[in-house]
């Protein structure tokens with residue numbers, strides 16, 4: 001009975017992250033499809049941020065690099081952009097998506113990321129993602145970064161190529177300190193063997209991942225890509 | 001990952017986890033297995049067996065009822081089989097009375113036996129359990145041809161809850177249930193096992209269960225006796241206990257629980273929220289000091305433990321099967337049970353086939369009330385609060401264009417006088433609003449109209465990170481008023497509480513919710529000045545129903561002689 005009624009008079013669409021009804025206009029963006037209270041929990045990284053690693057900066061506007069990036073030498077990763085700060089609600093979303101496996105969240109997160117990518121005006125040639133080890137993949141059932149990359153690639157109309165491959169299983173980065181992370185990942189990635197290998201020279205690659213903490217994973221991936229001839233490597237993550 | 005095979009014997013197709021067990025089984029019967037095919041997805045194997053058995057037309061039913069696993073009488077006397085069966089039985093004793101995904105079986109055995117090293121052996125033992133009908137195996141999600149017939153076998157989630165995703169485990173596209181995902185992924189390729197509880201030999205003997213009974217009021221005693229009568233004599237399997245807010249319904253059911261435990265049977269007490277589970281398990285522990293009690297909730301350490309009395313959120317019932325003689329469903333009409341039909345299915349599945357069920361609520365929906373009137377549902381009413389004072393009746397106040405006045409900062413005389421009086425009698429107020437956005441509007445109004453009170457006001461909503469701390473501050477009296485959405489309609493009790501509902505004509509405030517809201521007031525026998533006000537520009541059915549039912553309960557309490565004498569004048 002209720003179902004038939006809903007067919008005739010469909011209920012208002014609900015928020016993409018919860019069940020609150022929202023009323024977006026036709027063709028409105030992703031942010032209008034998220035309800036007021038969810039939006040409050042998603043802290044967008046707004047302009048004063050580091051132009052290299054996207055860390056939010058305080059008041060100092062004349063300098064556009066964060067203290068970490070000013071000290072460190074230029075690394076293979078040219079630039080990183082993140083959509084949100086990694087606060088309580090984004091953390092919960094990532095937990096639901098990645099560890100609980102709520103794969104339904106992937107299109108929404110991808111849309112939020114694609115919007116940032118378009119706003120950024122990046123000229124990429126190829127989109128790829130951070131690979132996970134086959135054992136981990138079988139355990140989890142899906143690669144969270146791949147799903148996001150797929151959604152983004154479709155939205156921004158760029159080819160998605162699984163360029164990278166993880167050859168060494170590593171224990172979760174989230175359990176390590178900053179220095180340990182950098183060391184632990186050495187040699188964990190390589191370019192995928194021929195059927196998946198593509199020409200990288202003179203191309204800019206955009207890597208997609210869910211969370212950017214110290215950037216160790218991204219830098220390592222970027223190093224592999226640059227050694228493979230990539231012109232530029234940019235990275236896009238959901239939270240940092 | 002689960003490896004399966006489908007084979008044929010005598011033109012019937014069967015499904016097996018371990019083909020050597022089945023080979024042995026059919027060898028004993030002089031049959032040969034033919035046409036093997038192996039699968040890495042339970043759903044695929046299931047569909048294949050079903051198709052070959054030509055039950056595809058009746059696919060929807062046979063998927064849940066018929067069973068493509070051969071069955072066997074347990075009278076076999078062959079040594080090898082007996083040996084295997086003994087081992088399987090000891091596994092069955094651990095898994096009995098649970099419904100688990102393959103991954104959950106692994107994690108349970110991890111907790112119990114420190115893991116089951118030999119996966120092949122585990123599959124073999126499970127297959128013995130399947131052959132002897134001590135267990136059933138279903139695919140996590142049943143995926144017949146037409147997508148509308150897809151169904152999650154664990155939570156009953158239909159097409160709108162299911163998601164087709166590429167799955168790295170089975171290497172194919174797999175259907176995943178989004179509805180019960182917080183309990184672990186139920187999907188096409190994973191197996192969902194239903195283990196029958198192992199019956200002790202003979203009839204369960206009467207046990208002596210120590211019971212620290214609490215003194216009951218006359219209303220509670222009457223309700224409790226009526227419930228016991230239902231348990232012992234009635235043929236009805238369901239009982240509705242209609243107990244007003246703050247009546248002490250837990251105490252009423254303790255004798256019933258005690259009676260069932262004494263028979264040597266098991267009880268599940270489901271309650272809506274984790275914090276209620278924690279609080280309730282403490283109370284039950286005190287009432288039944290010698291009973292093995294298991295508290296189940298998200299993050300509980302007791303999830304895989306055994307016991308006689310289980311307290312848990314309704315979601316935990318998904319993991320239990322045919323185990324309980326008595327299931328008590330607290331707040332049976334409220335969220336989350338009202339929002340998710342799968343949960344009531346889970347509670348039914350957790351009960352034994354002949355198990356009984358108590359539905360506990362302060363606000364039975366009209367459909368239940370009609371069933372009671374027609375005699376189709378047995379009911380016990382507990383119309384009076386434990387302290388013997390009547391329920392406070394809500395005062396309905398009509399305010400024309402209230403939100404416009406709020407936005408403009410104009411006076412709202414009835415609301416002003418409510419707040420002033422509340423301060424005079426040294427109370428605390430809960431101000432209910434329909435939506436999160438209205439909190440800011442109301443706070444701005446308070447700032448202009450009641451600047452002194454404004455300093456001790458805060459607002460909470462469902463997704464607020466500071467919700468717990470704000471509620472705590474209110475409980476401790478550091479806040480005088482709390483602006484809240486319906487999330488605090490249950491559970492928050494402060495002794496000197498007043499309540500105002502602003503915009504009580506909004507559809508989120510239905511009758512049940514308004515009755516609960518009104519029930520926050522007058523919980524303490526010492527403080528009788530608490531008032532309930534509904535401010536609305538329209539008179540709605542919800543408000544009328546709340547008033548009608550509260551008055552009805554007070555009348556019943558008077559006629560039952562449950563109220564204190566000095567009141568009522």
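The values are calculated or read from the model by the stated rules, or taken from the named source; none is laboratory data. Just so you know, these numbers come straight off a predicted model, no measurement behind them. Positions of Cβ are generated from backbone atoms using ideal geometry, with glycine treated the same way; all protein chains shown enter the neighbour counts.
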Suppose the filter is touching a helix residue (DSSP H, G or I) at 6+ places or on another chain (Cβ under 9 Å) and either touching a residue at least 12 places away in the same chain (Cβ under 8 Å) or not in a strand (DSSP E or B) (or both); does residue B:352 pass it? no
I'm trying to understand the selection: among the residues of the range A:85-95, which are at the interface with another protein chain (Cβ under 8 Å from one of its Cβ atoms) and surrounded by fewer than 17 Cβ atoms within 10 Å (Cβ to Cβ)? A:88
Unique residue being more than 30 Å from residue B:169 (Cβ to Cβ) and within 14 Å of chain B (Cβ to nearest Cβ) when the list is A:43, A:47: A:43
In contact with a helix residue (DSSP H, G or I) (Cβ under 8 Å, 6 or more places away or on another chain) and closer than 26 Å to residue A:51 by Cβ: which single residue out of A:155, A:225, A:234 fits that description? A:155
Count of residues meeting criterion [surrounded by 13 or more Cβ atoms within 10 Å (Cβ to Cβ) and under 20 Å from residue A:97 (Cβ atoms)] in the range A:16-35: 9
Within the range B:293-312, is there a residue that is closer than 29 Å to residue B:521 by Cα and assigned to a helix (DSSP H, G or I)? no
Tell me which residues, restricted to the range B:211-245, are part of a helix (DSSP H, G or I), more than 23 Å from residue B:286 (Cβ to Cβ) and touching a strand residue (DSSP E or B) at 6+ places or on another chain (Cβ under 7 Å). B:226, B:230
If the requirement is being within 14 Å of another protein chain (Cβ to nearest Cβ), part of a helix (DSSP H, G or I) and closer than 17 Å to residue B:504 by Cβ, which of these qualifies: B:404, B:441? B:441
Which one is nearest to the other protein chains (Cβ to nearest Cβ) among residues in the range A:121-149 that are assigned to a helix (DSSP H, G or I) and touching a strand residue (DSSP E or B) at 6+ places or on another chain (Cβ under 6 Å)? A:146
Going by what's in this entry, would residue B:188 be described as in contact with a helix residue (DSSP H, G or I) (Cβ under 6 Å, 6 or more places away or on another chain), modelled with pLDDT under 90 and more than 11 Å from chain A (Cβ to nearest Cβ)? no
Within the range A:36-47, residues in contact with a strand residue (DSSP E or B) (Cβ under 7 Å, 6 or more places away or on another chain) and surrounded by fewer than 16 Cβ atoms within 10 Å (Cβ to Cβ) come out as A:44
Of the residues that sit in the range B:254-274 and are in contact with a strand residue (DSSP E or B) (Cβ under 6 Å, 6 or more places away or on another chain) and part of a loop (DSSP other than H, G, I, E, B), which one is nearest to residue B:324 (Cα to Cα)? B:266
Looking at the structure I just gave you, is residue A:109 more than 18 Å from residue A:204 (Cα to Cα), in contact with a strand residue (DSSP E or B) (Cβ under 7 Å, 6 or more places away or on another chain), assigned by TED's automatic domain parsing to the domain that holds residue A:195 and buried (at least 22 other Cβ atoms within 10 Å of the Cβ)? yes
With the checklist (1) closer than 30 Å to residue A:90 by Cα; (2) crowded, with 21+ Cβ neighbours inside 10 Å in hand, flag the one item residue B:487 doesn't pass. (2)
How about the range A:50-74: which of its residues are in contact (Cβ under 8 Å) with a residue 24 or more places away in the chain and either in contact with a helix residue (DSSP H, G or I) (Cβ under 9 Å, 6 or more places away or on another chain) or within 14 Å of chain B (Cβ to nearest Cβ) (or both)? A:51, A:52, A:53, A:55
Please verify whether the range A:143-162 includes one or more residues that are within 22 Å of residue A:29 (Cα to Cα) and over 16 Å from the mean Cα position of the chain (by Cα). yes
Considering only helices (runs of 4 or more DSSP H) wholly within the range A:1-106, the ones with at least 2 residues that are within 26 Å of residue B:339 (Cβ to Cβ) and more than 17 Å from the chain's Cα centre (by Cα) are A:2-8, A:36-40
Out of (1) within 25 Å of residue A:94 (Cβ to Cβ); (2) at pLDDT 80 or above; (3) within 14 Å of chain B (Cβ to nearest Cβ), the one residue A:23 does not meet is (1)
For residue B:196, state whether it is farther than 30 Å from residue B:289 by Cβ and within 12 Å of another protein chain (Cβ to nearest Cβ). no
Filter result for the condition that a residue is closer than 26 Å to residue B:393 by Cβ and either in contact with a helix residue (DSSP H, G or I) (Cβ under 8 Å, 6 or more places away or on another chain) or in the same structural domain as residue B:248 (by TED's automatic domain parsing) (or both), over B:508, B:460, B:521: B:508
Would you be able to tell me the number of residues in the range B:418-438 that are within 18 Å of residue B:506 (Cα to Cα) and assigned to a helix (DSSP H, G or I)? 1
Quick check on the range B:246-253. Is at least one of its residues at positive phi, more than 14 Å from chain A (Cβ to nearest Cβ) and assigned to a loop (DSSP other than H, G, I, E, B)? yes
Given the range B:452-514, what strands (runs of 3 or more DSSP E) lie entirely inside it while holding 1 or more residues that are in contact (Cβ under 8 Å) with a residue 40 or more places away in the chain and either more than 14 Å from chain A (Cβ to nearest Cβ) or within 23 Å of residue B:407 (Cβ to Cβ) (or both)? B:481-484, B:497-502
Would you kindly identify the strands (runs of 3 or more DSSP E) lying entirely within the range B:95-185 that contain at least 3 residues that are within 14 Å of chain A (Cβ to nearest Cβ)? B:162-166, B:173-177
Kindly check whether there is at least one residue in the range B:192-207 that is modelled with pLDDT of 85 or more and more than 20 Å from residue B:4 (Cα to Cα). yes
Suppose we keep only residues that are more than 21 Å from residue B:537 (Cβ to Cβ) and free of Cβ contacts under 8 Å to residues at least 40 places away in the same chain within the range B:414-439. Which one would you say is surrounded by the fewest Cβ atoms within 10 Å (Cβ to Cβ)? B:424
Here is a list: B:61, B:91. Which entry is under 23 Å from residue B:322 (Cα atoms), in a helix (DSSP H, G or I) and modelled with pLDDT under 85? B:61
For a quick check of your reading: which strands (runs of 3 or more DSSP E) sit entirely within the range A:164-240 and have at least 3 residues that are free of Cβ contacts under 8 Å to residues at least 60 places away in the same chain? A:189-191
